[in-house]
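The values are calculated or read from the model by the stated rules, or taken from the named source; none is laboratory data. Quick caveat, the model's predicted, so the values are computed rather than measured. Heads up, the Cβs are rebuilt from the backbone with ideal geometry, glycines too, and the neighbour counts pull from every protein chain shown.
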Amino acid sequence: MKFIKLPLLLLFVVTLAVVGCRTNPVYNVEGSPITITGKHTNKDVEKSIIRAGAGLGWSIKPVRVGHMIGTLHLREHVAVVDITYNDKVYNIKYKSSQNLKYDGTNIHSKYNGWVQNLDRAIQTQFLTF
């Protein structure tokens with residue numbers, strides 16, 4: 001009886017590990033509208049994006065006007081995104097990662113959630129502008 005339980009337990013643990021580490025196609029945000037009402041500058045957009053990211057643990061650094069790099073460190077995982085913007089739209093695109101099983105198309109499913117959360121936080125910042 002003990003010999004049957006051990007293989008079943010091992011099968012359960014392996015299945016749980018595989019299911020827990022799913023990968024999905026990389027989620028990018030493209031052409032998301034900037035919903036700031038009234039007059040605003042690229043600097044206003046930049047500040048809103050930086051504030052949104054900071055609230056979620058992202059470090060967002062300007063590269064030049066219209067382009068920033070966002071980095072998120074969570075435990076042993078690192079996600080890096082390119083954020084481009086103008087006064088009408090912004091984009092969040094995969095740049096690189098560590099320990100997220102990126103294979104050129106798919107990535108750990110947690111990454112997509114982090115980018116979606118960043119997108120929602122940016123939209124919220126625009127509403128409070």
If you check residue 99 against the conditions, is it out of contact with any Cys (no Cβ under 8 Å at 6 or more places or on another chain) and surrounded by 14 or more Cβ atoms within 10 Å (Cβ to Cβ)?
no
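Applying the selection to the stretch 46-68, what residues are in contact (Cβ under 8 Å) with a residue 40 or more places away in the chain and not β-branched (Val, Ile, Thr)? So that I can check it myself, show each step before the final result.
Going residue by residue through the stretch 46-68, those that are in contact (Cβ under 8 Å) with a residue 40 or more places away in the chain are 48-49, 51-53, 55-56, 58.
Passing the criteria: 48, 51, 52, 53, 55, 56, 58.
So which residues in the stretch 84-129 are touching a residue at least 24 places away in the same chain (Cβ under 8 Å) and among the polar types (S, T, N, Q), if there are any at all?
Answer for the stretch 84-129, where residues must be touching a residue at least 24 places away in the same chain (Cβ under 8 Å) and among the polar types (S, T, N, Q): 86, 91, 105, 106, 109, 112, 116, 117, 123, 124, 125.
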Any residue that is of a type in the set (Lys, Arg), without any contact (Cβ under 8 Å) to a residue 60 or more places away in the chain and either touching a strand residue (DSSP E or B) at 6+ places or on another chain (Cβ under 7 Å) or surrounded by 13 or more Cβ atoms within 10 Å (Cβ to Cβ) (or both) - is there at least one of those in the stretch 69-83?
no
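Would you mind finding the one in 57, 104, 70 that is assigned to a strand (DSSP E or B), modelled with pLDDT of 95 or more and not charged (D, E, K, R)? Don't jump to the end; show me each part of the working.
On the way: 57 fails: assigned to a strand (DSSP E or B); 104 fails: assigned to a strand (DSSP E or B).
Only one candidate passes the filter, namely 70.
Among the candidates 32, 48, single out the residue that is within 18 Å of the chain's Cα centre (by Cα), assigned to a helix (DSSP H, G or I) and polar (S, T, N, Q).
Values: 32 fails: assigned to a helix (DSSP H, G or I).
Of the residues listed, the single one that is within 18 Å of the chain's Cα centre (by Cα), assigned to a helix (DSSP H, G or I) and polar (S, T, N, Q) is 48.
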